[in-house]
Every structure is written in structure tokens, then in C-alpha cells.
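Undergrad: I'd like to ask some things about the structure below.
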Amino acid sequence: METFTVTSYEDARDVYRQKDLRQALYDAGEIVMGGVLVNLHGDEHRARRRLENRLFRRETLVRYERDYFPGIIDDTLAPHVSHGSVELVHLSHQLMMNLAALNAGVDRPLGTPEETNRLYSYMMKFIEGATLAHTLRDPDAVKSEVRDSMGRFEAEFLAPSIARRHELIRGWRAGEIGEDALPLDILTVLLRNEDSLHIDQQTLVREIAFFLLAGAHTSATAFVRTIDNLFSWLAKHPEDAELVRTNREFVQHAVYETIRLNPSSPTGMRRALADVVLRNGTVVPAGSSVVIDLMSVNRDKSVFGADAAEFNPHRGEQASGVSRWGLSFGSGMHACIGQELAAGLNERSADTADYEYGLSTVAVQAMFDRGVRPDATRPAAIDTATSRPYWSSYHVLFGPSAAGMRG
Ligand code: HEM
């Protein structure tokens, strides 16, 4: 079967809108992604999405940003700041996992570092499983490790998290506790509606694992890349050094630019369920695939201007209907459910002006507040286990530089 590739912004938007093009990006990653939201189509997708959307209402996101982000960021960064240095790839996943676990509904009853390390290792394995199509390792070996981690995750984390929520939901239905006492997470939303959703236990395990990895991995890579882009930008534009600390909107625009230039997945993919005619006249026969080349789409000069391929946090508003982040959060039925949680709102309302910047923005600014700078003695290294453009390590230092102190 043929594969068609779209490279322009408008063609990509058209592909995302077509009802007869279904998700195909995760076919190789079924072991983690089978039956999860991003892999559903039509009515089944609509029903689950409608329920899960409830957790991403504006007031809930403000509550996350106001009540949870500062503590999670402080607690995760504190030991590294006092040590004076940290490796960003690990830190970013640790930080974003702490938030994603809260949002997905994964409890850590022991609260020990060892318990968090185990959850971290399972999550990293799920990420490897979800991106199996890009692995440079033996796929069967990866699959067997993912299966093993899934089983351990279910026994150690998910079973107790489900039991605790069942008990809370029972108490709420019996009038013993108020709705406010129920956790604000995906697992609770699903368990409250399990009679109408008919999700089997294994799909539930995968859905929560998916929210954990989707929430953590995307924001983690955006966090590291934004810091890297800002290091390069500030080296050339030292006059913006203060802005990074004082102007949260500037940092948010740096996050959007980073996500535009480096989408968490460089491609989207769809498979035709029937013959589909695209807006440019291309006929995509049933069974064929369409690749959305986001690296090209988001650098479309007719949309973003002659310097489309450059990182520029001062880039102005785009034409109407074009987002600062390009199509890096997708569009149409599968448009990212966690976009505002990760990167905030482009336009803020007056009454919540302080809280709509998103976790990536708040976390990047927290790093610059603590004087983050590259560790020149340990250059960043590329991950050789995947064809995706990830770093395997990126060392940074905290505090004022010796040169800065002399100055
Ligand atoms: C920088 C951060 C993020 C980026 C770049 C990103 C990117 C994307 C993209 C491109 C899609 C659409 C996939 C497609 O149509 O094929 C998507 C969907 C999704 N994202 Fe995100 N995401 C981010 C953060 C998050 C967070 C924080 C969460 C969880 C809270 C999340 C959960 C999801 C889910 C559940 C879907 C599937 C939605 C559906 O199928 O209806 N994402 N994301």
C-alpha cells in the first residue's frame, strides 16, 4: 500500500480533519498503546474523550498550576540545587513524572525515593514501547521488557491505586464523603464511569500507563529543549537574560517556539479506512497511509515567514487560525488533551492571569531562577538507542557562574 506525505500547514490541517483517516502512528507500539485514547476512532474515541475532557477544565488546570506545580518543582529541584549540578534528561522525566502520576492517578503510598525510582523505570520502559517503531534495539527484546514492566506496574502501583479509589467512590455514593474528596485524576474519572465505558482491566492499565508517559515524556523533552534553545539564544542576546526570570510570557513563547521546531513526535500518521480525497486533490485509496511531516509543516515559510526554521522567542502573533506551536499538539479529534496543562494558554483571562502558563513554562523559569547554565566540562550526548532526536545526557550547573561573580 502506498504512503502519502504532507508537508504544508494547510494540507496537514486537512488530514487531521478527515474522518476516514484513522490513527496509525502507534501500530508498532500496540503493546502499550492498544485500546488507549489516542488509538481509538469514531464513537468509541468520542465517548472516552468526552469523559476524560472533564479533567482538563480551566478551573482544574488553574488548581494544578497554583496548588501542585510549585511544591512538585521545589521538591524535585531542591536536592540538585544544593548539589550545584544536575543531568537534565533524568531530571526532566523525574519532574514531569511527578506531575503526570498525579494527573493519571498513580499513587505512591510508600513515598520513598526507591518507590519513585521503580515507577520511573517502568515509565521509561513504556516510552520505549510506545516508540517501538523507532527503536534501534531488538524489538522482541523491548516488547518482553515492556510486558514485564506492565505487569509489575499493575501489581505494585495500579492495583492499590484502584482499590483506594473504589473505596472513595463507594463512600461518595453512600453520602459519607463529598465529591470534593475524590482525587482529580484520570483513573478516578474512568472508575466512576466504568459501568458505561466497559473498559477491561488490561485496557485500563494501558490507559493509565499511556497518560503517565504521554504527560511526562512530551513535557520532559520540551523542557530540556527549551532550556537548550534559551542557552543558545541568551549567548547571542544577553540583553534578554532578565526577561527569562521576570517575564513568564517570554518563557512561554520560548516553549511554544521549541515545540514548533521540535514536536514531541516529528511525524503524525493516519491510515485510510475508505478512499479519501485531500484538499490538494490527492486521492488516498483505502488502506494507504498518510504521513504528516511536522518538521516541514511547522517550518512552512508561507505561514511562519522567511526565518521559519529559526528559534525566535520574540516571534509575533501568527495569522488567524495559525498557532505559535504550529501543529505540534495535533488538530481535530485527537488534538492533545494535555496541551494547556503542558504549555498553558496563549491568551489569558484577567482573573487567572498568574496561572495559565503551563508546567513546561513554570518549570523552565524555575531553572533560570536558580541560575541554570551549561556544564562546559560535560557536553550533551545524543541517545543512540533510538532514531528519534533525543539527548542521552545533558549536564548543567546551578548558581552564578565564576565569571558572573567576578563581574
Ligand atoms: C509538550 C507537551 C506535549 C506535546 C508536544 C503533545 C503532543 C501531542 C500530539 C501531537 C497529540 C496528537 C497525536 C495525533 O493526533 O496523532 C497529542 C495527543 C494526546 N496528548 Fe499530548 N502532548 C503534550 C503534552 C501532553 C500532556 C501533559 C498530556 C497528559 C496530561 C497529554 C496527553 C495526550 C493525550 C491523552 C492525547 C490523545 C488525545 C486523543 O486522542 O483524543 N499530552 N499530544
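The values are calculated or read from the model by the stated rules, or taken from the named source; none is laboratory data. Computed from a predicted structure; not experimentally measured. Here Cβ is always computed from backbone atoms with ideal geometry, including for glycine, and neighbour counts include all displayed protein chains.
Undergrad: Applying the selection to segment 292-301, what residues are surrounded by fewer than 19 Cβ atoms within 10 Å (Cβ to Cβ) and within 16 Å of the ligand (Cβ to nearest atom)?
TA: Start the filter on segment 292-301 by keeping residues that are surrounded by fewer than 19 Cβ atoms within 10 Å (Cβ to Cβ), which leaves 293, 295-296, 301.
Listed by number, the residues that qualify are ASP293, MET295, SER296.
Undergrad: Any residue in segment 114-137 that is under 14 Å from ARG152 (Cα atoms) sitting within a Cβ distance under 7 Å of a residue that is surrounded by fewer than 22 Cβ atoms within 10 Å (Cβ to Cβ) and polar (S, T, N, Q)? List the pairs, counting only those 6 or more apart or interchain.
TA: TYR120/GLN94; TYR122/SER149; LYS125/SER149; PHE126/SER149
Undergrad: Here is a follow-up. Restrict the check to segment 135-149 and report whether at least one residue is at pLDDT below 95 and either assigned to a strand (DSSP E or B) or within 29 Å of GLU65 (Cα to Cα) (or both).
TA: The answer is yes; a qualifying residue exists.
Undergrad: Same structure again: What do you reckon, is GLU87 out of contact with any Ser or Thr (no Cβ under 8 Å at 6 or more places or on another chain) and touching a residue at least 60 places away in the same chain (Cβ under 8 Å)?
TA: Working: out of contact with any Ser or Thr (no Cβ under 8 Å at 6 or more places or on another chain): no; touching a residue at least 60 places away in the same chain (Cβ under 8 Å): yes.
In short, no.
Undergrad: Which one is farthest from HIS253 (Cα to Cα), of the residues in segment 332-346 that are more than 8 Å from the ligand (Cβ to nearest atom) and surrounded by 19 or more Cβ atoms within 10 Å (Cβ to Cβ)? Explain how you work it out, then say what you get.
TA: Pass one, segment 332-346, residues more than 8 Å from the ligand (Cβ to nearest atom): 340, 344-346.
Those left that are additionally surrounded by 19 or more Cβ atoms within 10 Å (Cβ to Cβ): 340, 344.
Details: GLU340: 14, GLY344: 10 Å.
Among those residues, the one meeting the criterion is GLU340.
Undergrad: Next up: If I go through segment 156-190 residue by residue, how many of them are closer than 17 Å to PHE56 by Cα and either of a type outside the set (Asp, Glu) or within 23 Å of the chain's Cα centre (by Cα) (or both)?
TA: Residues flagged as closer than 17 Å to PHE56 by Cα and either of a type outside the set (Asp, Glu) or within 23 Å of the chain's Cα centre (by Cα) (or both) within segment 156-190 amount to 9.
Undergrad: Check off (1) surrounded by 18 or more Cβ atoms within 10 Å (Cβ to Cβ); (2) modelled with pLDDT of 95 or more; (3) out of contact with any Pro (no Cβ under 9 Å at 6 or more places or on another chain); (4) not hydroxyl-bearing (Ser, Thr, Tyr) for VAL89 and give me the number that stays unchecked.
TA: In the conditions (1) surrounded by 18 or more Cβ atoms within 10 Å (Cβ to Cβ); (2) modelled with pLDDT of 95 or more; (3) out of contact with any Pro (no Cβ under 9 Å at 6 or more places or on another chain); (4) not hydroxyl-bearing (Ser, Thr, Tyr), VAL89 misses (2) alone.
Undergrad: Of the residues LEU77, LEU91, which is more than 13 Å from the ligand (Cβ to nearest atom), within 30 Å of ALA381 (Cα to Cα) and over 16 Å from the mean Cα position of the chain (by Cα)? So that I can check it myself, show each step before the final result.
TA: Numbers: LEU91 fails: over 16 Å from the mean Cα position of the chain (by Cα).
LEU77 is the lone residue from the list that is more than 13 Å from the ligand (Cβ to nearest atom), within 30 Å of ALA381 (Cα to Cα) and over 16 Å from the mean Cα position of the chain (by Cα).
Undergrad: Here's another thing I want to ask about it. Across segment 16-42, what is the total count of residues that are within 17 Å of ALA274 (Cα to Cα), in a helix (DSSP H, G or I) and away from the ligand (no atom under 11 Å from the Cβ)?
TA: Result for segment 16-42: 2.
Undergrad: Which residue, of PHE329, PHE311, PHE304, is crowded, with 18+ Cβ neighbours inside 10 Å, modelled with pLDDT under 95 and not β-branched (Val, Ile, Thr)? Steps first, answer last, please.
TA: Values: PHE329 fails: modelled with pLDDT under 95; PHE311 fails: modelled with pLDDT under 95.
One residue alone meets the criteria, PHE304.
Undergrad: Something else now. Would you mention how many residues in segment 212-250 are part of a helix (DSSP H, G or I), away from the ligand (no atom under 14 Å from the Cβ) and of a type outside the set (D, E, K, R)?
TA: Residues of segment 212-250 part of a helix (DSSP H, G or I): 212-236, 238-246, 248-250.
Pick out the ones that are also away from the ligand (no atom under 14 Å from the Cβ) and you get 228, 230-236, 238-246, 248-250.
Still in the list and also of a type outside the set (D, E, K, R): 230-235, 238, 241, 243-244, 246, 250.
Looking only at that region, the number is 12.
Undergrad: Starting from residues that are buried (at least 16 other Cβ atoms within 10 Å of the Cβ), among the hydrophobic types (A, V, I, L, M, F, W, C) and more than 16 Å from the ligand (Cβ to nearest atom), keep the ones in segment 160-202 and report whichever is farthest from ALA100 (Cα to Cα).
TA: Taking the candidates together, the pick is TRP172.
Undergrad: Could you tell me whether any residue of segment 112-131 is in a loop (DSSP other than H, G, I, E, B) and surrounded by fewer than 20 Cβ atoms within 10 Å (Cβ to Cβ)? Break it down stepwise before answering.
TA: Just the residues of segment 112-131 that are in a loop (DSSP other than H, G, I, E, B), to begin with: 112, 131.
In the following step, the residues that additionally are surrounded by fewer than 20 Cβ atoms within 10 Å (Cβ to Cβ) were identified as 112.
Checking segment 112-131: at least one residue is in a loop (DSSP other than H, G, I, E, B) and surrounded by fewer than 20 Cβ atoms within 10 Å (Cβ to Cβ).
Undergrad: From ALA350, ALA380, ALA309, which residue is without any contact (Cβ under 8 Å) to a residue 24 or more places away in the chain and away from the ligand (no atom under 12 Å from the Cβ)? Show your work before the answer.
TA: Working: ALA380 fails: without any contact (Cβ under 8 Å) to a residue 24 or more places away in the chain; ALA309 fails: without any contact (Cβ under 8 Å) to a residue 24 or more places away in the chain.
Being without any contact (Cβ under 8 Å) to a residue 24 or more places away in the chain and away from the ligand (no atom under 12 Å from the Cβ) holds for just one of ALA350, ALA380, ALA309, which is ALA350.
Undergrad: Can I ask one more? Return the only residue of LEU359, LEU278 being touching a residue at least 40 places away in the same chain (Cβ under 8 Å), within 16 Å of the ligand (Cβ to nearest atom) and under 25 Å from ASN39 (Cβ atoms).
TA: Going through LEU359, LEU278 in turn, the sole match is LEU359.
Undergrad: Quick check: is even one residue across segment 215-225 among the aliphatic types (A, V, I, L, M), over 21 Å from ILE382 (Cβ atoms) and modelled with pLDDT of 95 or more?
TA: No: zero hits.
Undergrad: Working only within segment 43-63, note down all residues that are more than 17 Å from ARG192 (Cα to Cα), out of contact with any helix residue (DSSP H, G or I) (no Cβ under 9 Å at 6 or more places or on another chain) and not basic (Lys, Arg).
TA: Selection gives ASP43, GLU44.
Undergrad: Another one. Could you grab me the full set of residues in segment 68-86 that are modelled with pLDDT of 90 or more and surrounded by fewer than 17 Cβ atoms within 10 Å (Cβ to Cβ)?
TA: Correct list: PRO70, GLY71, ASP74, ASP75, ALA78, PRO79, SER82, HIS83, GLY84, SER85.
Undergrad: Here's another thing I want to ask about it. Can you tell me which of (1) at pLDDT 95 or above; (2) assigned to a helix (DSSP H, G or I) is the one GLN94 doesn't meet?
TA: Here GLN94 meets the rest and fails (1).
Undergrad: Does segment 56-66 include one or more residues that are without any contact (Cβ under 8 Å) to a residue 24 or more places away in the chain, within 14 Å of the ligand (Cβ to nearest atom), part of a helix (DSSP H, G or I) and surrounded by 20 or more Cβ atoms within 10 Å (Cβ to Cβ)?
TA: Step one: of segment 56-66, the residues without any contact (Cβ under 8 Å) to a residue 24 or more places away in the chain are 57, 59.
In the following step, the residues that additionally are within 14 Å of the ligand (Cβ to nearest atom) were identified as 57.
Okay, now just the ones that are also part of a helix (DSSP H, G or I), so none.
No: zero hits.
Undergrad: Moving on to the next point. Test SER149 against the criterion of being within 16 Å of the ligand (Cβ to nearest atom) and either surrounded by fewer than 15 Cβ atoms within 10 Å (Cβ to Cβ) or of a type outside the set (Lys, Arg) (or both), and give yes or no.
TA: Values: within 16 Å of the ligand (Cβ to nearest atom): no; either surrounded by fewer than 15 Cβ atoms within 10 Å (Cβ to Cβ) or of a type outside the set (Lys, Arg) (or both): yes.
The answer is no for SER149.
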